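Structure, as C-alpha cells:
The values are calculated or read from the model by the stated rules, or taken from the named source; none is laboratory data. These numbers come from a predicted model, not from an experiment. When we count neighbours, we look across all protein chains shown, and the Cβ atoms used for this are built from the backbone with ideal geometry, even at glycine.
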C-alpha cells in the first residue's frame, strides 16, 4: 500500500497548549521516547545557534555518545560544519519521490558528519507558505519509521531564529531541555525572554523544561547575569568572541578540528564541560519570564 504525507488537519480534539493557544497536539506516537537526551537550541536570529549546536554535537560525540543533530531552518545550514557540505533537506528528498515515504532509505536523508555525528536538515516550505513545524514533525516521523532514534544517545534540534509561533515551537514537544543562546545585549536578552514564554507554555503539557543559557560572542555577562538573577535562569556556558570560532565556520569545520592553540583548546573544553553538564541530569529550572517594560527598565547602565 502506498503511503503519502498529508497536510496537517485542524479537525479532532483540541486543548490548551499554553495560555491563549488552541493548537492541535502532537500525536503521542510521534514523540521521541527511545531514551535519548533531547535538547532544543533556541535564540535570536544570527546569534550563533548553528555554530553552538554543531560544536555541542561534536562535544557529545567526543564523550562517546551517539548523536543526531536536526536542523530546523529552511536555510538548511545547521550541519555544514559537521558534514562539510550543504546536505539536501527532508523536504527536498520527499519531493523527488512525490512524498511517498516508503520509497526512502535512511541514507537518503541522514548524513554522517564529524566523529560519527548523524545529521538531518528538515528544511521548510517556501517563504510565506506552509508550516515549518509540520516539516519538523514529519522529519521525526521518518526517523522513527526507520528506527534511527533507537540507537541514539543525544538528539539536538537547532531551531531557526527567535520565532515562537506554534510551528517553530514544535521541537519543544520532543525536547527534555531547551538551551537559549544569547549575547550580552538588550536585543538578544529580549528575544530570550520571549522564548522563555514559549517554553513555559509548552511545559504545561509536555516534558520540556528550561536547561539554561549559553552566553555567546560576549566578553562579559553582566546584563545576562542581571536577567538570570531576576528570572531564575542560569548560565551553562560562556563563549567569548573568539576569532577561531568564526574561522572554523569559514573552514567548514567544528572547533574540534581547528589547530589546537591555547585559545581553541579553551573553547573545546568549555563545550565538553557543557556536554557533561547536560548528561548529568540537569536540574530543570522553574524560571519566570519578565514583562517587556520590566526588561527595558532592568537592562542597561545607570
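Assorted remarks:
- Looking across the stretch 169-189, just one residue is in a helix (DSSP H, G or I), touching a helix residue (DSSP H, G or I) at 6+ places or on another chain (Cβ under 8 Å), at pLDDT 90 or above and buried (at least 19 other Cβ atoms within 10 Å of the Cβ), and that is 189.
- Looking only at the stretch 201-251, and only at residues there that are out of contact with any strand residue (DSSP E or B) (no Cβ under 8 Å at 6 or more places or on another chain) and under 16 Å from residue 176 (Cα atoms), the one that is surrounded by the fewest Cβ atoms within 10 Å (Cβ to Cβ): 204
- Contact map, the stretch 273-284: residues that are buried (at least 19 other Cβ atoms within 10 Å of the Cβ) paired with residues that are assigned to a helix (DSSP H, G or I), Cβ distance under 7 Å, separation 6+ or inter-chain. Pairs shown: 274/56; 274/59; 275/56; 275/59; 275/60.
- Flag for residue 204 being assigned to a loop (DSSP other than H, G, I, E, B) and at pLDDT below 95: yes
- Boolean, residue 29 is surrounded by fewer than 16 Cβ atoms within 10 Å (Cβ to Cβ), outside any loop (DSSP other than H, G, I, E, B) and either out of contact with any strand residue (DSSP E or B) (no Cβ under 9 Å at 6 or more places or on another chain) or at pLDDT below 80 (or both): yes
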